[in-house]
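Here the structure comes first, spelled out in structure tokens, and everything after it is commentary.
The values are calculated or read from the model by the stated rules, or taken from the named source; none is laboratory data. Not measured: the values here are computed from a predicted model. Note that we place each Cβ from the backbone using ideal geometry, even for glycine, and neighbour counts take in every protein chain shown.
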Amino acid sequence: MQKTRQKKDKWKGNKEVSIDWKLYDKSRLSECRRILDLTQVFHGLDQPVQRREFQLSQLVVLLLFKILFGLSCRGIANATKDLRIYQALGMKRAPCYKTIQNTMNHLHSMVLAEINQLFLPTHTQLGGVDSSGMKTHRKGAWIQVRFHHYQQKKDFKKIHIFVDLLSKKIIYCLVTKGTASDHKQLKKILKECDWVRVDIILGDKGYDTRECFNEVTSHGSIPGIKVRKNASRKARGCPSRRRAVIAQQENMDDWKQKMKATMRCVVEAIFSGTKRRFGEYLFSIKARFRRVEVWLRTLLWNVLIYPR
């Protein structure tokens, strides 16, 4: 029986790549140097001057290396000593693992949020908000069989981020429990981001509430939130949502082009990139330390992101 040959049409939609790969490779090779240079950014953590053998600005850089390479506190302590990283940081000797671990006690998420503003512009055209889950326990199958400790339910935390879609940098992040609703966190995020001006804020159907539309409008931005299929055209105290419902029901393609809604996928790409580079697990146990860890991941992403 003779097989029929299917004609494969040549794909004409070739994507134009405008990335200078030489500069990209050069940027990747200088990642460790850029992290070491962050001691000047964290210099404010050393004030007021205290009688410490190791400065907090130096220890925070070691925490960033820990997250970047996915090491334990003992592992980064050994690497600091064997690879002489402590000399590059200006230390007299390498700190022990307990000193690096106790650095989390002296950090606060609000201080790290202020430091993060140094890497961001004060005005952007497009912003996006979304959430994703992060695992909290690294328990493999062998650990469960060996110690007879089986997990009945996998615990996870929800990470909410507000992103500059043009520079691919994270403006603000928030950690909540896994069952928290997305639309309830938008007000908290925009309240902490009053220093940045965003023209259009994009969001998925999880933010389709009148409260979210009003919060985005009061922030001085245009809500680019996709509404549900059965959305009502009645305003009911939210004229911005009424305009969005009418525009999407009459011509969805025109609304997407006007709001540049296809750029919302950048938020998903950032979640994917951070999990691939820094891991899918949170190594901290306490809630306060988890907030600090997420902010350290945010700073690390904003420093290492390649501008495109």
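So the values come out like this:
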read-out	value
Residue in segment 30-77 that is farthest from TYR97 (Cα to Cα), counting only those that are of a type in the set (S, T, N, Q) and surrounded by fewer than 16 Cβ atoms within 10 Å (Cβ to Cβ)	SER30
Single residue of segment 261-308 satisfying the filter (farther than 25 Å from ASP199 by Cα and among the basic types (Lys, Arg)) that is farthest from the chain's Cα centre (by Cα)	LYS286
Residue pairs meeting the criteria (Cβ under 9 Å; at least 6 apart or on separate chains; first of a type in the set (Phe, Trp, Tyr), in segment 185-200; second part of a helix (DSSP H, G or I))	TRP195/GLN117
Residue within segment 239-260 that is free of Cβ contacts under 8 Å to residues at least 60 places away in the same chain, out of contact with any Gly (no Cβ under 9 Å at 6 or more places or on another chain) and on the phi > 0 side of the Ramachandran plot present	no
Sole exception among (1) surrounded by fewer than 21 Cβ atoms within 10 Å (Cβ to Cβ); (2) hydrophobic (A, V, I, L, M, F, W, C); (3) touching a residue at least 60 places away in the same chain (Cβ under 8 Å) for CYS173, by number	(1)
Tally, over segment 137-186, of residues that are assigned to a helix (DSSP H, G or I) and at pLDDT 90 or above	1
Given (1) within 27 Å of the chain's Cα centre (by Cα); (2) part of a loop (DSSP other than H, G, I, E, B); (3) modelled with pLDDT of 90 or more, index of the condition PRO95 fails	(1)
